[in-house]
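Reviewing the structure listed below.
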Amino acid sequence: MTVDTPPGQWADGPGADWVEEAEEADEDLALRREAAADETSRASRHWWDRNADDYQDEHGAFLGDDRFTWCPEGLDEADARLLGDPAALSGLDVLEVGAGAAQCSRWLAARGARPVALDISHRQLQHARRIDEERGGPLVALVQADAAVLPFADGAFDLACSAYGAVPFSADTAELMREVHRVLRPGGRWVFSVTHPIRWAFPDEPGEEGLTATSSYFDRTPYVEQDEQGRATYVEHHRTLGDRVRELTGAGFRLLDLVEPLWPEELEQSWGGWSPLRGRHLPGTAIFVTRRD
């Protein structure tokens, strides 16, 4: 059985005692089916633990060690200023959600912020610590946790951000938004980037085959890869633009901007389904800029 692949996390497409059974991802069955919060969280943790080494090897040069880039289009926070004036970051407590190897947190720390890098994957956080130690600089504060169950006190942070982290891998993103709202102080920004929702209607292919819609944009059924025992090894959830706006406003956020980065003419590098060809025709990324009321 085959299905049209979804846009995929900004990756290419951990753990427990059954992880070794799922080592060969190519053998997993891809389909669209429901996946509850526990199954989704478990699959995400295992998948990223299992694939963190390859991910950092392949994409570490693009991401850099202390670069804050929002998306495969290469939009950097230094230019976009979606978190506000970089000069005003000094002294602020910032939560990076789905931090991976904490590249964005290092950029924030270099501007005087006090970042906490949170990720569900222990192996990703090990890469974060490795980079810190290799650089010989200060260590970024690291926390392993599910983004929908944040282990922080109310009002602990001034800002929260996520560059393609956590949000697509959460089954209950309405709860995730409420959790981020809870740990932010009044007036704090929550800025996050995800695959543009329209991409779910198209095959995740960088060539011309990726320009023809083959699925319904309105189908919210999760994309799941599962092993021979039917256990999910990868899960990604789709929400429409309207869904995202309702989740955010329902949690108490005010939407300030929705950024859809253009593909730069000079960028020739493809990343999975992101490519110069598709970038000329379809938005690949949506960045939601919000503020906690």
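Given the chain, what percent of its DSSP beta bridges are antiparallel, to the nearest 5?
Counting only bridges with both partners in the chain, antiparallel ones make up about 55 percent.
So how strong a dipole does segment 139-293 carry about its Cα centre when Lys and Arg Cβ are +1 and Asp and Glu Cβ are -1, to the nearest 20 debye?
So the dipole magnitude of segment 139-293 works out to roughly 760 debye.
If you take every residue apart from Trp263 with its C-beta less than 12 Å away from the C-beta of Trp263, what net charge results, scoring Lys and Arg +1 and Asp and Glu -1?
Around Trp263, the charge tally is -3.
Figure the gain on full extension for Tyr217 and Asp293 (residue separation times 0.36 nm, minus the Cα-Cα span) and round it to one decimal in nm.
Taking Tyr217 through Asp293 to full extension adds about 24.3 nm, to one decimal.
Nearest 20 debye, what's the magnitude of the dipole of segment 19-292 about its Cα centre given +1 on Lys and Arg Cβ and -1 on Asp and Glu Cβ?
1620
Hey, what do the phi angles of segment 135-150 turn into as Karplus ³J(HN,Hα) couplings, whole Hz, using 6.51/-1.76/1.60 and θ = phi - 60°, x for Gly and Pro?
7, x, x, x, 8, 6, 5, 10, 9, 9, 6, 7, 5, 7, 9, 6
Expressed as a fraction of 2.2 N^0.38 Å, the rule-of-thumb size for a compact globular protein of N residues, what is the C-alpha radius of gyration of segment 84-220?
1.18
Please list 3J(HN,Hα) in residue order for segment 169-186, calculated via the Karplus relation 6.51 cos²θ - 1.76 cosθ + 1.60 where θ = phi - 60°; whole Hz, with x for glycine and proline.
9, 10, 6, 10, 6, 5, 5, 4, 5, 5, 5, 5, 4, 4, 8, 8, 7, x
Under 16 Å from the 7 Å Cα→Cβ point of Arg33, by amide nitrogen: which residues of segment 209-234?
221-234
Given the C-alpha centroids of segment 166-205 and segment 241-281, what is the distance between them in whole angstrom?
Result: 12 Å between the Cα centres.
Each residue of segment 116-130 in turn: what ³J(HN,Hα) in whole Hz from Karplus with 6.51, -1.76, 1.60 and θ = phi - 60°, glycine and Pro shown as x?
10, 9, 10, 8, 7, 9, 5, 5, 4, 5, 5, 5, 4, 5, 4
Quick check on packing: order 151-161, 206-216 by the mean number of other C-beta atoms within 10 Å, highest mean leading.
Highest to lowest by the protection proxy: 151-161, 206-216.
Roughly how large, in nm² to one decimal, is the mean projection of the convex hull of the alpha-carbon atoms in the chain?
Over all viewing directions, the chain projects a mean Cα-hull area of 14.3 nm².
Every number in this text was worked out from the coordinates using simple rules, so none of it is lab data. Since the model is a prediction, treat every value here as computed from it, not as a measurement. Don't worry about glycine lacking a Cβ; one is built from the backbone with ideal geometry, like all the others, and counts go over all protein chains shown.
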